[in-house]
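Bear in mind that the values in this text are calculations on the coordinates, not laboratory data. Since we're looking at a predicted model, the values are computed, not measured. Cβ: placed from backbone, ideal geometry, glycine included. Neighbour counts: every protein chain shown.
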Amino acid sequence: VGEWGGQSEGTDWLFHINYLLDKFDSNQWGQTYWCYYDGLLDNPIMTSLVRTAPVAVCGAIDKYGYDRENDVFTMSYNQDKEYSLPTEIYVHKKYSAIECDAEYTVEPIADSEAAILKIKGNPGEHSVTIKF
């Protein structure tokens, strides 16, 4: 998709941002939100932009997405062979449960609630569910 962005007062327009992010994720399109001004990181839009997402996947992603209503991230992927490095998922906040069909570790990111979920699996279909 490339760069996109926008800004408006209040939070009534965030449904549009969420729609776009869900569309990008469902099509596995890369994107960059571009808009900077003093106070951006404290703006309510950050609750939409900062979300759990795959960083590096061993194999091909079938689908992934963050369900805001139920506060759950899901991903399924097909690992085509053995890899020396793990699949990595950025976890944007403190989670309550992780369901995964392979071995995993969670590495906290300093000075935040965020972490990197690292999954080491064998070839085949895999699924991951992260509940918040």
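Backbone N atoms of region 24-48 closer than 12 Å to the 7 Å Cα→Cβ label point of LYS63 belong to residues 26-28. Within the chain, antiparallel bridges make up roughly 90 percent of the DSSP beta bridges whose residues both belong there. With the helix formula -39500 (n - 2.57) applied to DSSP H stretches of n ≥ 4, the chain reaches a computed 222 nm mean residue ellipticity of -3500 deg cm²/dmol. Size descriptors for region 1-58 (Cα atoms only): Rg and Dmax, in that order, 12.1, 41 Å.
Across region 43-81, the residues whose backbone nitrogen lies under 18 Å from the label position 7 Å along the beta-carbon direction of GLU125 are 58-65, 74-81. Approximating the spin labels as points 7 Å out from Cα along Cα→Cβ, the SER76-to-PHE132 distance works out to 2.3 nm. Highest-first packing order for the peptide set 64-76, 94-106 is 64-76, 94-106, based on the mean count of other beta carbon atoms within 10 Å. Relative intensity of the chain on a log10 scale, I(q)/I(0) at q = 0.10, 0.21 Å⁻¹, equals -0.35, -1.32, per a Debye sum over C-alpha point scatterers of equal strength in the absence of solvent.
Overall, the chain carries a charge dipole of about 180 debye about its Cα centre when +1 sits on the Cβ of Lys and Arg and -1 on the Cβ of Asp and Glu, all other atoms neutral. In terms of distances greater than 19 angstrom between alpha carbons, the cross-link table entries LYS94/LYS131; LYS63/LYS94; LYS63/LYS93; LYS81/LYS131 yield LYS63/LYS94; LYS63/LYS93; LYS81/LYS131.
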